[in-house]
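Just so you know, all these numbers are worked out from the coordinates, no wet-lab data involved. Fair warning: this is a prediction, and the values are worked out from it, not measured in the lab. Cβ atoms come from the backbone with ideal geometry, glycine included; neighbour counts cover every protein chain shown.
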Amino acid sequence: MSRPFRRRVQHKGAIAIFIGPFAALFTLFYLLPVAYAVWQSTRTVERSGTFGPAEEVFGGLTQYREVIADEAFWGSVGRVLLFGVVQVPVMLGVALLLALLLDSPVVKGARFFRLAFFAPYAVPGVIAAIMWGFLYSPNLSPFTGVTREVDFLGSGLVLWSIANVVTWVYVGYNMLIIYSSLLAIPGEVYEAALLDGAGQWRIAWSVKIPLVLPAIILTGVFSIIGTLQLLAEPQVFRTFSTAVTSDYTPNLLVYTTAAVPNQPLAAAFSVVLALATFVLSFTFLKLTQRRAFQ
Amino acid sequence: MSATPSSTAYRQSPVSRTVAMLVLGVFTLYFLTPIWWLFIAATKERGDLTTTNPLWFSDVNLLENLQGVFSYGDGILPRWLLNSVLYAGVGALVATLLAGMCGYALAKYAFPGREVIFNVVLGGVLVPATALALPLFLIFAQVGGTNTFWSVFLPSIVSPFGVYLARIYAASSVPDELLEAARLDGAGEVRTFFSVSVRLMVPALVTVYLFQFVAIWNNFFLPLIMLRDESLFPVTLGLYNWNTVVNQVPELRLYVLTGSLVSIVPLIVVFLLLQRFWRTGLGTGSLK
């Protein structure tokens, strides 16, 4: 009571009640696992003699040297990056196009279309992958006329078949984010442009898109995070296609490595992957923000 | 698209309207056909599945299929659905409460370390949930807690994004004067939160709930790693398991499809009913 800085904080008890539970759980189930993964990744298994008992000891950066030398890991990273470079722009492009169309005065029945486009977001990734797995299958598909000719599940196309599943689920969600920020633009903004004789395309390009850029950036960051974490869809596709291997995406490789079990290496994969995700989304955020506000 | 789209479309020419409606129509087919197909497939007899028109009814057998899928394997599907409701429905409720309280306190009280806490939580938004799954498994293994309900439930009730959203929303929608007035009336801080502030924060809280609900419902890696006991599975993991043995047990094929339909229909309905909240909430989320 006598110390001045103590008196400045009022309602300490209430603050503790409000923040305490979340802080405790966040520490237990976010901070602790991150710390544990980092610690685990510095361990290494040593055997005394060929048949001696295995023992976990401190190995410094041993696991990270293995990660760097692991071709399967970098192959899987390259695969999801290729996936992301194509899928994320396509998905966001379609989402932007649909949002602009729904927002334009030309379109009738915007409410129905909004619901129709958003519906797939209610389908969990696993279920969506099962559905599309059937749709692609050369024998089980309702469209066997097409799927017997085009091998959607072969090694050449399967990555893009998975990309289509992800796009199908998430376009509507991203569209809704962009659409809601379009709705937030006050009408006066358009009036000047309309008086100048600008058409709807012109308004969309020079007025609307710059104004919804923050929303597009947000969807971009979430999409990048999602792409690097791909797991459920390829895991389901392993039932339908032999082309999807157990190291097809980084997270599948983590899962496979942990099942070996080689926990230290799996932890090192996870740490590198989380760092890469962080760096990539952070860089993307900085790059686009600089361009957006210049 | 006309040749010079920039200057002619303003008068809403029939051409640009037709093109716009055509584009929307094509995408409607793209988004709804798979769901329609799933619905049709779930109404069919096993034999008709591959032999009749996939996009239209043959002998409608939906009730028998539902009975079949619900009773298959000693009625494991209803169990999975119940588990999913507990993990996602109850989990998201607790997560929303915790995130709402924390975000509110970060917005409305000044105390040392406030920004540090907020920034650490914000960093948590960027940590992919899949990166946590494996270390969580190892931690739960140390205390013998894997393969339990709590091993999936407890990690799911932490929503850093919810804290972020609740803080932004509380800062702009709960006036300080109102809290001062409540204090003058002698109401305690916690009581004021539950009786006054929560009501003002409802749109944000519904959004947090929906986001967390979807995140838990879709979370595949955590239950996949944690759970061995089939009776603890959420419905997604259960259907995934059925699907992996479809080639050995062909009779399961129809049940996988019917089960998928059963698991998504309630979600679609809830989503569409709460769509209003999605839009307000998503708008708040992207306002930085």
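Averaged over peptide A:230-236, the number of partner chain Cβ atoms lying within 10 Å of each residue's Cβ comes to 4.
The dipole here belongs to the protein assembly as shown: it is taken about the Cα centre, uses +1 on the Cβ of Lys and Arg and -1 on the Cβ of Asp and Glu, and is about 1640 debye. First measure r as the distance between the Cβ atoms of B:Leu55 and A:Ile68, then evaluate 1/(1 + (r/R0)^6) with R0 = 45 Å and state the FRET efficiency to the nearest 0.05. According to the calculation, E is roughly 0.35. The modelled label-to-label distance between A:Glu56 and A:Val260, using points 7 Å beyond Cα along the C-beta direction, is 1.5 nm. Evaluate E = 1/(1 + (r/R0)^6) for A:Leu28 and A:Leu275, where r is the Cβ-Cβ distance and R0 equals 25 Å; express this FRET efficiency to the nearest 0.05. So, using R0 = 25 Å, E works out to roughly 0.65.
The largest-to-smallest principal axis extents of the Cα set in the range A:28-153 are 74, 40, 26 Å. Descending by average beta-carbon neighbour count within 10 Å, the peptides A:70-77, B:258-265 line up as B:258-265, A:70-77, the highest first. Computed from the alpha carbon atoms alone, the convex hull of the range B:151-214 holds 84 Å³ per residue. Membrane-span-like helices of chain B, defined as complete DSSP H segments with a Cα extent of 15 Å or more along the helix axis and a mean Kyte hydropathy of at least 1.0, are identified as B:14-42, B:91-108, B:114-126, B:129-142, B:202-218, B:252-273. First obtain the Kirkwood hydrodynamic radius of the range A:193-289 from its Cα pairs, then insert it into the Stokes-Einstein equation at 10 °C and 1.306 mPa s, and state the resulting D in µm² per second as a whole number. Result for D is 97 µm²/s. Straight-distance candidates among the lysines for linking to A:Lys12, with alpha-carbon spacing under 16 Å and chain neighbours fewer than 8 residues away dropped: B:Lys108.
Toward the positive end of the charge dipole of the protein assembly as shown, with +1 on the Cβ of Lys and Arg and -1 on the Cβ of Asp and Glu, the farthest Cα among A:Val165, B:Val208, B:Ile117 is that of B:Ile117.
Per residue of B:21-28, other chain Cβ atoms within 10 Å of the residue Cβ number 5 on average. The P(r) of the protein assembly as shown has a tail past 35 Å containing 44 percent of all C-alpha pairs. The simple Förster model, with R0 at 25 Å and r as the Cβ-Cβ distance, assigns B:Glu115 and A:Val189 a FRET efficiency of 0.15. Every pair of different Cα atoms in the range B:66-286 enters the Kirkwood calculation, which places the hydrodynamic radius at 19.3 Å. Subtracting the Cα-Cα distance of B:Val26 and B:Leu273 from their residue separation scaled by 0.36 nm leaves 86.4 nm.
Peptide B:94-105 has a mean shielding of 4, counted as Cβ atoms of other protein chains within 10 Å of each residue's Cβ. A Cβ-based charge dipole, computed about the Cα centre of chain B with Lys and Arg at +1 and Asp and Glu at -1, lands at about 740 debye. Only Lys, Arg, Asp and Glu carry charge here, each on its Cβ (+1 for the first two, -1 for the last two); on that basis the range B:1-153 has a dipole of about 600 debye about its Cα centre. All Cα-Cα distances of the range B:167-288, cut into 5 Å bins from zero to the largest, leave 2, 9, 14, 13, 12, 11, 10, 9, 7, 5, 4, 2, 1, 1, 0 percent in each bin in turn. Taken over the alpha carbons of the range A:70-292 as equal point scatterers, the Debye sum produces base-10 log I(q)/I(0) values at 0.08, 0.18 Å⁻¹ of -0.37, -1.28. When each of the peptides B:44-57, A:51-64, A:243-256, A:167-180 is scored by the mean number of other C-beta atoms lying within 10 Å of its residues, the order from highest to lowest reads A:167-180, A:243-256, B:44-57, A:51-64. Highest-first packing order for the peptide set A:198-210, A:117-129 is A:117-129, A:198-210, based on the mean count of other beta carbon atoms within 10 Å. Among the helices of chain A, those built from whole DSSP H runs whose Cα atoms reach 30 Å or more along their own axis and whose mean Kyte-Doolittle hydropathy is at least 0.0 are A:71-103, A:158-183, A:263-292. Counting only residues at least eight positions apart within a chain, or on another chain, the lysines with an alpha carbon under 25 Å from that of A:Lys286 are A:Lys208, B:Lys288.
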